[in-house]
Structure formats: C-alpha cells, structure tokens
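Peer 1: The following block contains the structure, expressed as structure tokens.
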Amino acid sequence: MGMIYCDYNATTPVDESVFELMRPFFCDHYGNASSRHQVGRIAKVAIDEARNKVANAIGVQPDQIIFTSGGTESNNLALKGFAGLIPVSRLVVSPIEHASVRVPAHELAWLGWELKQPGVNSDGVVDLEDMAQLLTGKCGLVSVMLANNETGVIQPVADIVKLAQKSGVLVHTDAVQAFGKMRVDFDLLGVDALSIAGHKIYGPKGVGALVIRKGVDLMPVLTGASHERGLRAGTENVAGIVGLGEACRLVIERMNTVETHLKECSGRLETGIEALGGVIFGRKASRVPNTSYFAFENIDGPVLAARLDDLGFCVATGSACSSGKTEPSPVLDAMGVPLHLARGAIRVSLGMHSTIADIEEFLSALNQCVSSLHRSAACA
Amino acid sequence: MEQNTVNLPIYLDYSATTPVDPRVASKMIPYLTEYFGNPASRSHVYGWTAEKAVENARNEVAMLVRCDPREIIWTSGATESNNLAIKGAAHFYKSKGRHLVTEKTEHKAVLDTMRELEREGFEVTYLDVEENGLVSVDTFRSALRPDTILASVMLVNNEIGVIQPIYELGEICCQQGVLLHVDAAQATGKVEIDLQSLQVDLMSFSAHKTYGPKGIGALYVRRKPRVRLEGQMHGGGHERGLRSGTLATHQIVGMGEAFRLAREEMGVENERVRYLRDRLLAGLVQIEETYINGDLIKRVPHNLNVSFNFVEGESLIMAIKDLAVSSGSACTSASLEPSYVLRALGRNDELAHSSIRFSIGRFTTEAEIDFTIDLIRKKIGRLREMSPLWEMFKEGIDLNQVQWSAH
C-alpha cells in the first residue's frame, strides 16, 4: 500500500506459506470436522495436525489446546472459565492488562469477586512484593500478561507462579503479544492457562487458542455441541485453525533469526529516538525486541502519528483496541508517567518485514515531524 | 449444460457446511495478506481500509435481511450468536422475569444454552412440536406467561428443513412483551427474511451455511424498539460494546460477499434446487416403507430427511459411503444416539437411526441426484434382502404384535 508498516503489535500480515496451507480449506476441503463422512474427516485430520503444531510450539500435549476465535475469547474463557468452577474469592489482575483481561475481571468483580491490583513500577514491571501480599490463601485466581502490548515490557510470570503455587492460586497469562517475540515454554512458566492469538504471529485473524494445564478444569463459556471436548462449542474454523498451526510452527522455526533481526532494528531505532530527545517508556526493563513506546515533551501523540502517517509511516498511539479513545493509556498511568508525557505516546512495533532502511527513513521522518511540531509549539 | 459424470463422494451435506463460493474466496483473500490491517487501528491507512471493508460487509448482511446495518453485530458464528442473544437478553432482563420458552428441535447451541440458564435459576419451557415438525402457534401462545422474557424458535430446522411460523410467533411475542430470538443459521439464502415485517428482536446468522467461511457469524439486535443485551465477550469494546475482539476482516468480507450473492441469486438458485429436490424425492418415494420427516409444504427446498424402515442405521451409512450425507445433525453425529429432532416428531428409535438427511446446494448436479437415487435403491434393496424384519413385514406379520424374547 506504499506505506511503511510499523504497527505489528496491532496485527500482522498473514505469511505467504501460512496462507498457502489455509487456501485449500475454503473451497476445496470444506468439510465440517464433525461430519462422519470422508469430506468431514479431511477437515478433522487437518485440525488434529494443527493442534499438534500448536502444542509443539508451546511445549504441551495436543489435548491441552482449546481453539477459540482469538485472544479476546481465550482471555475471557480463562477468567470466566476458571472463576465459574471455584468458590468466589479474590482475583488479582495487573493494572496493565489488555482490555480483554481487565474488563472480564471487572465483570467478575460485579459477581462478587474481590478484585485487587498490584502496583507497577516506573519501568512498567508488576511489583512482586505487592503480588506476594495479594497471593494469599484468600486468592483464587491471578492473571498477568507475559509481555505488555504497549510497552513491550516482559512481566515476571514465572516468579508470580512460584508465589501463587504456595497458596494454590490458579495463574493465567495473556501471551498474545509475547508469543512469537520471545521464547514461551508453558511448563517453564508454570502457569495454569495461557492465551495466544493467530493474527499477532503472521497467522489469520479470528482464531486463537487457550492452552491449559493437564488436570485443570474450566467451565465452558460458549455452550452448544461438544466441540473442543465440551469446552468450546461451535463449528471449527478449519482454515483458521490450519493457519494458526502453521503460524505457530514458523514462530519456533524462525525464532532465532527473527530475534536477531528485531534486536538490530530496534537498537538502531531507539538510539535514533533518544538522539532526538524522545523518552522511551520501560527503557530499563526487559522487553520484547520489537516494541518501542515513546514520547516527546509537548508533542501530542495523535498529532505526531498523523504527521508520520502523512510521511508514509503507520504507527500507533497506544493499543489498537483503544486507538479511538483520547484518554491517556492506563498502562502509562500505572507506571506513574506524568500526563504531559503520556499524552505524547507513540508506539512503533517492528516485524519480520521491517528493514534497517525502513528504520533510517523513519528516523528521518521523525526528525522532520518533531522539529516542525516543536517549532510550531514555540511559535504558538 | 450439466455434466454427466460425478465425483465421489457426492456431497449432499450442505446443511452441515458449504464450500466457500470461489467468488467469495477471491474477495476475502486480499484481506489476509495485503489489506491486513486491524480495523480498529485509527491511525493509518491499513486500519482504515480494513474498517471500510468491514462496514461494506455489514451493509450486505443488513440488505439480505432488510435491517439497519447498525443492528448487525459480528460474532464468531451462529453458536456464539445464539449464546449472546439468549444469555445476553436473559441476564439483562432478568429483573423483569425468569421464564424462557423454546422448542425441542432447536440446535444444541440453543438447547444447551437454555440448560445453562436453568442451572442459573431460570425456568425454561421446552415446547413439543407437531408430527410435521412445526411449532403450534396456539401451543406457543399458551406457554407465554407474565414472567416470560424471551422465546427462541429457529426459522429453518437444520435436520428436517421445516420453516417455523416466525411471523405469527413474532406477533404474539410483540403483543405479550416477550423478546423473540430466531436462529436463522439455516435460513439465509434459502428463504426471504424481512426484518421490517417480522416482529423479531434477535436473529442469529452463520456464514458457513451460505457459502461463506467458517468462524464468522452475526447477530441482529433490534434498535426500534431497542433491545438490550449483556455482552458475553468483554474487552476492547468492539461492536458497540456488545462483542469485543479484533474483527477478522477477511472473514467478515467473506460473509458480506456470501450474503450479497445469496440476495442476488436466491430466487434462481431455489428454483434449481427445488427441481433437484423434487427429482430426488420422486426417485426415493418409489422405495417401499420410506417416510419423509417434516412438513412437506412448509420446508426449504434444499433439505430432504428420509427414514427407511427395516434397514439398520449403521449398515445404511456404511453402505452409502459414496454419498457424503448425515444421519442426524453434524454436530451430534459423533454419538450414536438417535436424533432428538426425529424423536420429537414421534419417530421411534429404529426409524430415527435409519434416517438420512440429504441437503442439496449450489453445486449439486442432476447427475449427482440420479446417481444418488440409483445407489439408495440398490443399497436399500440389498440391506432389506438380508433383514429378517423385512422378511416378516413382507409376509404380512404385524411386528408390533410379536413377542420378542429378551436376551
């Protein structure tokens, strides 16, 4: 489309090889996987193969994978599914979670759950001491994302699991942004449930998965026929699931090269941003290598994004899901970032197709926009 | 000019799912790899392009069913739409009453959801249907109470293809102040749906029954008078806060195009399908002891559900491997229970087990119908030759009088 796309955290293009694997399942192998005949069986086999691929990529068994319609549904299913089967008690959710965890948590609070939030330090990391206080025997469920979608900051999920295990608290992690950008191993993390989404890993939109620990039970949210072992009713989106499977396989295959490439690009990018006087949020924390969330003093984020768009660069101001809103990001608020800086927030998230040349062009455009906006601010 | 050769197996299971029409696929595909933006991204052209495509598709869906596009909410399919409509309305209006009404031949996505609400303390009346599969308008009317808040009745039944009297039920619900939800998953592209004249408050749609992709559906939510729902999928506030989650542009474009084709081609297609169905019916009724399940008039032309007496169900399915058909709905065909829909019509277990659902579609040919008739005739003949029950029937023995010894 003639633009340079720098919003990979919002979504990614479907990889050509993922698409080629999906293609036959629209018009040719169109069976309903629940049908007993040959046409249906082909679909069933394809789903089983995809399930194996997803399981391998996360380090679990295939029967630990529940296919859903995406990250939002996986997160909803984790929280409501767990909450539905345990006595109402305390629910701990970090203040920097994606809306698809935050809002279900509020729904559960309406139903009587005691909703508690740990603090977040200025680097954007959840406070483990707060967590230790909150994850007592009175707590039933905790959800902390593995990597934040705005700052890219990696959360200490494995440490939180250790704290939770002392009191038998169920742990869910939203790994939608993390998976594909860092190594994700279900058993090493030790969580009870983990969410992923296809469209963040060069797979299709409309499909995701919830990975659950063996022996852990969930109340289904979508009721109906007995798909996904009775945990998620609805005719399977065969093409989508096939796409998710292949996307997961490629994540593992490409992890090293992608990581190296992204580190190189973001290293150059962040040096450039800081040289122009930009403040990078979560700078000192451990972050996924593709995300740079930054602001310039006295430059409004949406205005800068619009100028960058004029010059051919697609960026975000905060998360896509909230990009219509004008309030500053709750993530930055939780980090204690003052409003005058938070309102300038721009997120650049790189991907497989980003190049060093793109970065150089971006920095040049950024320089241009920032100078001109500073000048007009000075004149005003 | 239709081809005379057939490719095996012959697909006559369009009610289970349909292939994506090639025209739909070519419209969808660019949104996977090229126009891949997140429709919620407001800050760049990738997002705007995707959003525009989503709104165009919404218009197409709205046009097929004659409603306002703002009344269409995207979901991941009809199962989710049914969940959202029934749970969403029941939870929102529960202070007005806790009684719900539905009927026994609904899809599991409705029945299981109703059972879930029963567990939460709602009371549900499951109405019987007549022998022809239709809900009696009088029975329905008598079931409504002052504390009834919602009724759910499908427009077209997935197993037997009958068309329920939604117009009349809607009038009754409107008079009594009861919300009416209609599962129209099997109806789009097969019958006219006019939400300007139907007094329906909520209607579920599926793309993959109408030559669109799997994994996408919609829910109609009436605005005038305004129907309120408690959202079931929470998060970023998409779809007016009723259904959060990144919109799958390619899926939505597919559904829009599928529904546009349905609107433009339904008339002609139905005639062709009716012709094929009549041909199939004529061929099958020549076989003795066959029974058509469901009303013969109030049905869509695409469906023929036939019970073959004195034939064992599993043997029948095995014998007709060259046909991709269903015995019982796809979603329940993993378990060998007799179809609850056929049981609701009054069919006994044996007859329910030995029934086949033939569902005809856009790509069915006359040659395929003729092959099917020949195959069925041959196989039924052979199976009955081996059946002692058939022998007894032919000898005039009334099987109901026989004292069967227990084993």
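The values are calculated or read from the model by the stated rules, or taken from the named source; none is laboratory data. Just so it is clear, the model here is predicted, and its values are computed rather than measured. Counting neighbours? That spans all protein chains shown, and the Cβs are built from the backbone with ideal geometry, glycine included.
Peer 1: If B:Thr249 passes every condition in (1) more than 21 Å from the chain's Cα centre (by Cα); (2) among the hydroxyl-bearing types (Ser, Thr, Tyr); (3) farther than 24 Å from B:Met63 by Cα but one, which one does it miss?
Peer 2: The failed condition is (3).
Peer 1: Kindly provide the set of residues from the range A:1-53 that are out of contact with any helix residue (DSSP H, G or I) (no Cβ under 8 Å at 6 or more places or on another chain), within 9 Å of chain B (Cβ to nearest Cβ) and part of a helix (DSSP H, G or I), ordered by number.
Peer 2: Within the range A:1-53, A:Gln38, A:Val39 meet the criteria.
Peer 1: Please enumerate the residues belonging to the range A:85-116 that are acidic (Asp, Glu) and closer than 21 Å to B:Glu116 by Cβ.
Peer 2: The initial filter retains those residues of the range A:85-116 that are acidic (Asp, Glu), namely A:97, A:107, A:114.
Within the range A:85-116, A:Glu107 is the sole residue that qualifies.
Peer 1: Of the residues A:Glu264, A:Glu246, only one is surrounded by fewer than 24 Cβ atoms within 10 Å (Cβ to Cβ) and either assigned to a helix (DSSP H, G or I) or within 14 Å of chain B (Cβ to nearest Cβ) (or both); which?
Peer 2: A:Glu264
Peer 1: OK, next. Going through the range A:190-214 one residue at a time, which ones are away from chain B (no Cβ under 11 Å) and either modelled with pLDDT under 95 or touching a strand residue (DSSP E or B) at 6+ places or on another chain (Cβ under 6 Å) (or both)?
Peer 2: Within the range A:190-214, the first condition is being away from chain B (no Cβ under 11 Å), and the residues that meet it are A:190-196, A:201, A:209-214.
Those that are away from chain B (no Cβ under 11 Å) and either modelled with pLDDT under 95 or touching a strand residue (DSSP E or B) at 6+ places or on another chain (Cβ under 6 Å) (or both): A:Val191, A:Asp192, A:Ala193, A:Leu194, A:Ser195, A:Ile196, A:Ala209, A:Leu210, A:Val211, A:Ile212.
Peer 1: Now for a separate question. Mind checking whether some residue in the range B:184-201 is in a helix (DSSP H, G or I) and within 14 Å of chain A (Cβ to nearest Cβ)?
Peer 2: Among the residues of the range B:184-201, not one is in a helix (DSSP H, G or I) and within 14 Å of chain A (Cβ to nearest Cβ), which makes the answer no.
Peer 1: Just to verify a result, which residue in the range A:54-113, among those that are outside any helix (DSSP H, G or I) and of a type in the set (Ser, Thr, Tyr), is nearest to the other protein chains (Cβ to nearest Cβ)?
Peer 2: Checking each candidate, the answer is A:Ser69.
Peer 1: Within the range A:278-298, does at least one residue satisfy the condition of being among the aromatic types (Phe, Trp, Tyr), outside any helix (DSSP H, G or I) and over 18 Å from the mean Cα position of the chain (by Cα)?
Peer 2: The answer is yes, given that some residue of the range A:278-298 is among the aromatic types (Phe, Trp, Tyr), outside any helix (DSSP H, G or I) and over 18 Å from the mean Cα position of the chain (by Cα).
Peer 1: If you check every pair at least six apart or on different chains, which have Cβ atoms under 8 Å apart with a residue in the range B:23-49 that is more than 7 Å from chain A (Cβ to nearest Cβ) and surrounded by fewer than 24 Cβ atoms within 10 Å (Cβ to Cβ) first and a residue that is in a helix (DSSP H, G or I) and among the hydroxyl-bearing types (Ser, Thr, Tyr) second?
Peer 2: B:Tyr35/B:Tyr46; B:Tyr35/B:Thr49; B:Tyr35/B:Thr249
Peer 1: I want to confirm something. Restricting to the range A:215-233 and keeping residues that are more than 13 Å from chain B (Cβ to nearest Cβ) and touching a residue at least 24 places away in the same chain (Cβ under 8 Å), which single residue is surrounded by the fewest Cβ atoms within 10 Å (Cβ to Cβ)?
Peer 2: Across the range A:215-233, the extreme among qualifying residues is A:Asp217.
Peer 1: Another question, then. Residue check, B:Glu159 against (1) in contact (Cβ under 8 Å) with a residue 24 or more places away in the chain; (2) touching a Lys or Arg at 6+ places or on another chain (Cβ under 8 Å); (3) surrounded by fewer than 24 Cβ atoms within 10 Å (Cβ to Cβ), all met but one. Which one?
Peer 2: (3)
Peer 1: Quick check on this structure: which one of A:Ile66, A:Ile96 is within 23 Å of A:Leu250 (Cα to Cα), buried (at least 24 other Cβ atoms within 10 Å of the Cβ) and under 19 Å from the mean Cα position of the chain (by Cα)?
Peer 2: Exactly one of A:Ile66, A:Ile96 is within 23 Å of A:Leu250 (Cα to Cα), buried (at least 24 other Cβ atoms within 10 Å of the Cβ) and under 19 Å from the mean Cα position of the chain (by Cα), namely A:Ile66.
Peer 1: Given the options A:Gly112, A:Gly140, A:Gly119, A:Gly124, name the one that is under 25 Å from A:Lys214 (Cβ atoms) and out of contact with any Cys (no Cβ under 6 Å at 6 or more places or on another chain). Working first, answer last.
Peer 2: Values: A:Gly112 fails: under 25 Å from A:Lys214 (Cβ atoms); A:Gly119 fails: under 25 Å from A:Lys214 (Cβ atoms); A:Gly124 fails: under 25 Å from A:Lys214 (Cβ atoms).
The match here is A:Gly140.
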